[in-house]
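Engineer: One structure, pasted below without further comment.
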Amino acid sequence: MANQEIERRRTFAIVAHPDAGKTSLTEKFLLFGGQIQVAGAVKSNKIKKTATSDWMDIEKQRGISVTTSVMEFDYKDYKVNILDTPGHQDFAEDTYRTLTAVDSVIIVVDGAKGVETQTRKLMEVCRMRNTPVIIFVNKMDREAKDPFDLMDELEEELVIQVRPLTWPIESGPRFKGVYNLYEHNLNLFQPSKQVVTEKVEVDIHTEELDNRIGRDLADRLRGELELIEGVYPDFDVDGYLKGEVAPVFFGSALNNFGVEELLNTFVEIAPSPRPVKAEERTVMPDEPKFTGFIFKITANIDPNHRSCIAFCKVCSGKFSRNVPYYHVRHDKTLRFSSPTQFMAQRKTTVDEAWAGDIIGLPDNGTFKIGDTLTEGEHLHFRGLPSFSPEMFKYIENADPMKQKQLAKGIDQLMDEGVAQLFVNQFNGRKIIGTVGQLQFEVIQYRLEHEYNARCRWEPVSLYKACWIESDDPAELDAFKKRKYQYMAKDREGRDVFLADSGYVLQMAQMDFKHIKFHFTSEF
């Protein structure tokens, strides 16, 4: 039973550059999974009706996803868990963390723009972990680059071999559909957001193809397909599972075209939950005992209840409601009476979850990102780094009556990993470090709307924050004395050096040979 349950799980993230159409694709998947009945055109009416996966106010106003949301649905015999990640680069950190909780990834690429910077970075994270990747080239119903050029660009920019499994016939207003190389049939395109397009079994070497799409296009398609078979080796599922080959699909998520082929192939070839490395050992998904780790914490999913939810990825065994589990960092046992699973905003209480599932645990400050839960074993799952921030501001209280609310708000938002907090040891002021400008707006907005606290930002000119450690206590001491105005502590109480320029940092690294400077919090 357990093995069957684990085998049918498919847990993956959809990642893309903003505006490549990730939210539309997520929505169409939910449509096929029967979780939503009608596809709301997400973009046309941003404020009133938004895709089910963007639920924070600021996301609705901006039309962007800033936090990762989790959705699950059943499709055929499979249970699919999607993690929709923020495409906006100011929230890259959230996305990196999400990638630690999935077994495979679908990358959405805009057919006209090709590979963009954000996508390249995310691909690096997938490569580090050998995560299998499928690529969906979206927006073929608009003018797009030549598909062969796109294939070359994908190989070069993402540093991975590609293999088309569907092939487009023209693009833009002339877009006729795609030929499915995996199932050998033709899918003809009718621009409609509601109906699923007709599929035609055609032998591409007969006149039937000419009748369907016209002689010129038919000849061109035959030539291109021959070229593909000549250039690309046959699709090899093992290569895909090892993260060496990425299958490519073409379509238009908005018009629900090419999405079903993607989903059908995906559930068939994508990996079920994989082994997870802990510091102590490798944990196999089919072990009988439950283990899991927290990869994300969000405050206030439900505006009526000011509570946090910790997202836990089940790594092995089976999680059951009301059973005592061991919280490794706190060294104590906890029970969860109302664990939840998500359908975007609708969440339902679950009685059990299996390896590969993502569950929400109500959290009133017990969890930190990276915490491990087990049935008693001392395990530590690693691989949830905080990156060194690049933008810094002093955060000050704008309303003296609300000091407590501000402190609590900052605390909870930092637990979520929205940004990082450093306390300057010289003047005791709080400095917030982020990867992007937008995060400051989000923090200010959420402090005001969720915690009833007002903050104001003051400029501080810093270049980078780096964690420092040394085996030579005397040298460390000398360094701290010399740089005392630039020393801070992070929330764990670790030493952080706030360098005010690249030159200063370089000189410090040269002058203090025995000090290690780290640019992620994991070392």
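Engineer: What number of residues within segment 438-450 satisfy the criterion of being farther than 27 Å from PHE519 by Cβ, open to solvent by 20 Å² or more (accessible area, probe 1.4 Å) and either modelled with pLDDT of 85 or more or part of a strand (DSSP E or B) (or both)?
Structural biologist: Qualifying residue count for the region: 2.
Engineer: Among the residues of segment 1-34, what is the count of those that are among the charged types (D, E, K, R) and in a loop (DSSP other than H, G, I, E, B)?
Structural biologist: Qualifying residue count for the region: 2.
Engineer: So in segment 426-437, with the set limited to residues that are in contact with a strand residue (DSSP E or B) (Cβ under 6 Å, 6 or more places away or on another chain) and buried (at least 17 other Cβ atoms within 10 Å of the Cβ), which one is farthest from ARG97 (Cα to Cα)?
Structural biologist: LYS430
Engineer: For ALA478, work out the one condition from (1) open to solvent by less than 60 Å² (accessible area, probe 1.4 Å); (2) more than 30 Å from HIS380 (Cβ to Cβ); (3) assigned to a strand (DSSP E or B) it doesn't fulfil.
Structural biologist: Just one mismatch for ALA478, condition (3).
Engineer: Taking into account only those residues within segment 140-160 that are assigned to a loop (DSSP other than H, G, I, E, B) and touching a Lys or Arg at 6+ places or on another chain (Cβ under 8 Å), which is most open to solvent (accessible area, probe 1.4 Å)?
Structural biologist: Ranking the qualifying residues of segment 140-160, first place goes to VAL159.
Engineer: In segment 273-286, which residues are open to solvent by less than 40 Å² (accessible area, probe 1.4 Å) and either touching a Gly at 6+ places or on another chain (Cβ under 8 Å) or among the acidic types (Asp, Glu) (or both)?
Structural biologist: Listed by number, the residues that qualify are PRO273, PRO285.
Engineer: In segment 503-521, how many are open to solvent by 30 Å² or more (accessible area, probe 1.4 Å) and either acidic (Asp, Glu) or part of a helix (DSSP H, G or I) (or both)?
Structural biologist: Within segment 503-521, residues that are open to solvent by 30 Å² or more (accessible area, probe 1.4 Å) and either acidic (Asp, Glu) or part of a helix (DSSP H, G or I) (or both) number 7.
Engineer: Any residue in segment 227-244 that is closer than 25 Å to MET123 by Cα and part of a strand (DSSP E or B)?
Structural biologist: Checked segment 227-244: no residue is closer than 25 Å to MET123 by Cα and part of a strand (DSSP E or B).
Engineer: Among the residues of segment 481-498, are any assigned to a helix (DSSP H, G or I), open to solvent by less than 40 Å² (accessible area, probe 1.4 Å) and in contact (Cβ under 8 Å) with a residue 24 or more places away in the chain?
Structural biologist: no
Engineer: Follow-up question, since we're still on this one. Can you tell me which of (1) modelled with pLDDT of 85 or more; (2) more than 26 Å from GLU268 (Cβ to Cβ) is the one SER171 doesn't meet?
Structural biologist: (1)
Engineer: Would you confirm whether any residue within segment 303-312 is charged (D, E, K, R) and at pLDDT 80 or above?
Structural biologist: The answer is no, given that none of the residues of segment 303-312 is charged (D, E, K, R) and at pLDDT 80 or above.
Engineer: List the number of the failed condition for ALA270; all other conditions in (1) without any contact (Cβ under 8 Å) to a residue 60 or more places away in the chain; (2) aliphatic (A, V, I, L, M); (3) open to solvent by less than 10 Å² (accessible area, probe 1.4 Å) hold.
Structural biologist: Here ALA270 meets the rest and fails (1).
Engineer: Is it true that some residue in segment 280-299 is in contact (Cβ under 8 Å) with a residue 60 or more places away in the chain, polar (S, T, N, Q) and in contact with a Ser or Thr (Cβ under 8 Å, 6 or more places away or on another chain)?
Structural biologist: yes
Engineer: Cβ-Cβ distance below 9 Å, separation of 6 or more or different chains: which pairs start in segment 446-466 with a residue that is more than 20 Å from VAL435 (Cβ to Cβ) and end on one that is open to solvent by 60 Å² or more (accessible area, probe 1.4 Å) and not in a helix (DSSP H, G or I)?
Structural biologist: GLU448/ARG454; HIS449/PRO303; GLU450/PRO303; GLU450/ARG306; TYR451/ARG306
Engineer: How do the pairs read when you match residues in segment 391-419 that are under 23 Å from THR98 (Cα atoms) and in contact (Cβ under 8 Å) with a residue 40 or more places away in the chain with residues anywhere that are surrounded by fewer than 18 Cβ atoms within 10 Å (Cβ to Cβ) and among the aromatic types (Phe, Trp, Tyr), using Cβ under 9 Å and keeping only pairs 6 or more apart or on different chains?
Structural biologist: Between residues of segment 391-419 that are under 23 Å from THR98 (Cα atoms) and in contact (Cβ under 8 Å) with a residue 40 or more places away in the chain and residues that are surrounded by fewer than 18 Cβ atoms within 10 Å (Cβ to Cβ) and among the aromatic types (Phe, Trp, Tyr), there is no close pair.
The values are calculated or read from the model by the stated rules, or taken from the named source; none is laboratory data. A quick note: this is a predicted structure, and the numbers were derived from the prediction, not measured. Using ideal geometry, Cβ is built from the backbone for each residue, glycine included, and neighbour counts are taken over all protein chains shown. SASA here: full protein model, heavy atoms, side chains in, ligands and nucleic acids out. Shrake-Rupley method; radii C 1.70, N 1.55, O 1.52, S 1.80 Å.
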